[in-house]
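What follows is a single structure, written as structure tokens, with notes after it.
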Amino acid sequence: MKLYDYLPSGNSYKVRLLLSYLALEYDWVNLDIIAGETHTADYKSRNPVGQIPLLELSDGRTIAESNAILYFLAEGTPYWPSNVFDQAKCLQWMFFEQYKHEPSIAVARFIRTYYPQDRADELPALMSKGVQALDIMEAHLADNQWFVGGGPTIADIALYAYTHVAGEGGFTLSDYPNITIWLDRFSDHPRHIRITDIPS
Ligand SMILES: N[C@@H](CCC(=O)N[C@@H](CS)C(=O)NCC(=O)O)C(=O)O
């Protein structure tokens, strides 16, 4: 397998995390998204959307969208529940991540990192939406150790990726004690890797 990636990307980090947890080997291709390396004709022949992450299988088939890749890798492992209700709950949190969480928290982090002056006017709305997403997670984690069931699933992986770096987007994680404990619980995995770790 080959993972097309950009090291600081939380969407790609989700995939790196699960590949590590499952001890799967893969080739790593780091593309510079700021320099437009995902918009070449060659790359777009693999993913017409022009984004990472992209998983390429050894037979050349490809899967885009971080959460779809997580599902592909997790099926048949403890990270994807075996009963349909819990599977649907995983999907519920993964759609939440893509609709409410990533578009605010990840985008605020992106703007503060790369365009802090040019795009500053977008930040107030993003901060407001991001706080709503964190509040929803905080309330869930008041009564639950994990997002679904009794152990980590791909719902936790999807939500961990941008939550643990929410501070880089201007969010104050110390305001969220349940999230803070969950982040520690999640990263206490023997095969945990950091977002900055370059795959070997
Ligand atoms: N919904 C997609 C979002 C992927 C995405 O936003 N990728 C960004 C980096 S995190 C990207 O490739 N940006 C480059 C571009 O759009 O030109 C997923 O979850 O994989």
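Data table
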{"quantity": "Estimated dipole of segment 57-192 in Debye, rounded to 20 [Cβ of Lys and Arg +1, of Asp and Glu -1, Cα centre]", "calculated": "140 debye"}
{"quantity": "Axial C-alpha extent at least 27 Å, average Kyte-Doolittle at least 1.0 - helices from the chain (DSSP)", "calculated": "none"}
{"quantity": "Ranked by how many other beta carbons lie within 10 Å on average, peptides 83-96, 13-26 from highest", "calculated": "13-26, 83-96"}
{"quantity": "Portion, in percent, of the accessible area of the chain that falls on carbon or sulfur, probe 1.4 Å", "calculated": "53 percent"}
{"quantity": "Helical mean residue ellipticity (222 nm; -39500 (n - 2.57) per DSSP H run of 4+; nearest 500) of the chain", "calculated": "-13500 deg cm²/dmol"}
{"quantity": "Under the Karplus curve 6.51 cos²θ - 1.76 cosθ + 1.60, θ = phi - 60°, whole-Hz ³J(HN,Hα) for segment 167-173, x wherever Gly or Pro sits", "calculated": "x, 5, x, x, 8, 9, 5"}
{"quantity": "Built amide H within the under 5 Å cut-off of Thr153, gap 5+", "calculated": "Phe147, Val148"}
{"quantity": "Cα gyration tensor shape for segment 2-74, rounded if a/c is under 1.5, else prolate or oblate", "calculated": "prolate"}
{"quantity": "Listed residue pairs exceeding 21 Å between alpha carbons, taken from Lys14/Lys89; Lys44/Lys89; Lys14/Lys100", "calculated": "Lys44/Lys89"}
{"quantity": "Accessible area in the full protein assembly, largest first, 1.4 Å probe, for Val107, Val148", "calculated": "Val107, Val148"}
{"quantity": "Mean Cβ count within 10 Å, highest first, over the residues of peptides 121-131, 36-46", "calculated": "121-131, 36-46"}
{"quantity": "Between segment 9-68 and segment 76-109, the alpha-carbon center distance in angstrom", "calculated": "19 Å"}
{"quantity": "Where the chain is the region considered: accessible area per residue in Å², 1.4 Å probe", "calculated": "49 Å²"}
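The values are calculated or read from the model by the stated rules, or taken from the named source; none is laboratory data. What you see is a predicted model; the values in this text were computed from it and never measured. For neighbour counting, all protein chains shown are included, and Cβ atoms are generated from backbone atoms with ideal geometry for every residue, glycine included. Accessible surface is based on the protein model in full, side chains and every heavy atom, while ligands, DNA and RNA are left aside. Shrake-Rupley method; radii C 1.70, N 1.55, O 1.52, S 1.80 Å.
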